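**Student:** I have a structure here, written as structure tokens, and I will follow up with some questions on it.
Nothing in this text is a laboratory measurement; each read-out follows from the coordinates by a stated rule. Keep in mind that this is a model prediction, so the values were computed, not measured. Neighbour counts run over all protein chains shown; Cβ positions are idealised from the backbone, glycine included.
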Amino acid sequence: MAVEGVTAGHRRSGPSPLDIAAIIGLVLVLALGGLCGWLGYQAYQVRESNQLRQLFIETGKQGAVNLTTIDYAHVGVDVRRILELATGQFRADFSNRSGPFIEVVQKAQSKSTGEVTEAGLESVNGDEGQVLVAVTVTTTTPDVAAQPKRYWRMRLTVRKVDDGGKIAKVDFVP
């Protein structure tokens, strides 16, 4: 008995070469799509990591400048600038001590200017980073016009808060 178009003994068994080519093409397209997706995700993670690292370093540098640039003529503004960049226990401690700090700076009529000479990221742990900052501080007072420059090193703990960074802790490094 012959089936129309197919003779007995010549029945097809299995997929045709066209079917095999279509399956291989589909597998290759899916593999290529998966690879592109994975590479895209890796690139996204690297970009996010680099942006976070940059945020930590820039926040640490700005925090160091804020902490070392104080002028008796507008020390209240300088203290507010420090508090705006602070968070957590550091913010609470600095806020509690700001009154006596302002009095001492005004009484001494001191002006200090900090300039970051180097900064680097020491470590990252989730949304928190340790930034090492070297600062050159120049201070003047009415009784001593030209004091020698001071060189400070600080370790600032920077925490990502919303879309920005805040200083959570400051340690001076000997």
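**Student:** Among P17, P100, Y151, whose Cα projects farthest towards the positive end of the dipole of region 17-172, with charges put on the beta-carbon of Lys, Arg (+1) and Asp, Glu (-1)?
**Tutor:** Positive-end residue among those listed: P100.
**Student:** Let me ask something else. Given bins 5 angstrom wide, list per bin the percent of all Cα-Cα distances in region 51-137, short to long.
**Tutor:** Calculated P(r), rounded to whole percents: 3, 14, 21, 22, 20, 12, 6, 2, 0.
**Student:** Give me the three principal axis extents of the chain from the C-alpha atoms, as integers in angstrom, largest value leading.
**Tutor:** 119, 29, 25
**Student:** Okay, next question. Please list the non-local residues whose amide H lies under 5 Å from the amide H of A86, H modeled 1.01 Å from N, same-chain partners needing a gap of 5 or more.
**Tutor:** Correct list: I167.
**Student:** Over the Cα atoms of region 82-131, how large are the radius of gyration and the largest Cα-Cα distance (Dmax), in Å?
**Tutor:** Every Cα atom of region 82-131 included, Rg and Dmax give 14.8, 42 Å.
**Student:** Next question. First select every other residue whose beta carbon is under 13 angstrom from the beta carbon of G60; then total the charges, Lys and Arg +1, Asp and Glu -1.
**Tutor:** Details: positive: R53, K61, R153, R155, R159, K160, K166, K169; negative: E58, E118, E122, E128, D171.
Result for the local shell: +3.
**Student:** What number, rounded to the nearest 500 deg cm²/dmol, is the helix-based mean residue ellipticity at 222 nm of the chain, given -39500 (n - 2.57) per DSSP H run of at least four residues and division by all its residues?
**Tutor:** Details: 3 runs with 83 residues, N = 174.
Per the formula, -17000 deg cm²/dmol.
**Student:** By per-residue mean of other Cβ atoms within 10 Å, what is the highest-first order of 127-134, 56-63, 107-114?
**Tutor:** Details: 127-134: 19.6, 56-63: 21.9, 107-114: 15.9.
By packing density, highest mean first, the sequence is 56-63, 127-134, 107-114.
**Student:** Which lysines have a Cα lying under 22 Å from the Cα of K107, excluding residues fewer than 8 positions away in the same chain?
**Tutor:** Partners within reach: K149.
**Student:** For L30 and Q89 in one chain, what is 0.36 nm times their gap in residues minus the Cα-Cα distance, to one decimal in nm?
**Tutor:** Working: separation 59, 0.36 × 59 = 21.24 nm, distance 5.13 nm.
Additional length available on full extension: 16.1 nm.
**Student:** Next question. Residue by residue through region 122-129, what is 3J(HN,Hα) from phi via Karplus (6.51 cos²θ - 1.76 cosθ + 1.60, θ = phi - 60°)? Round to whole Hz and write x for glycine and proline.
**Tutor:** Going residue by residue, I get 7, 7, 10, 9, x, 9, 9, x Hz, with x marking Gly and Pro.
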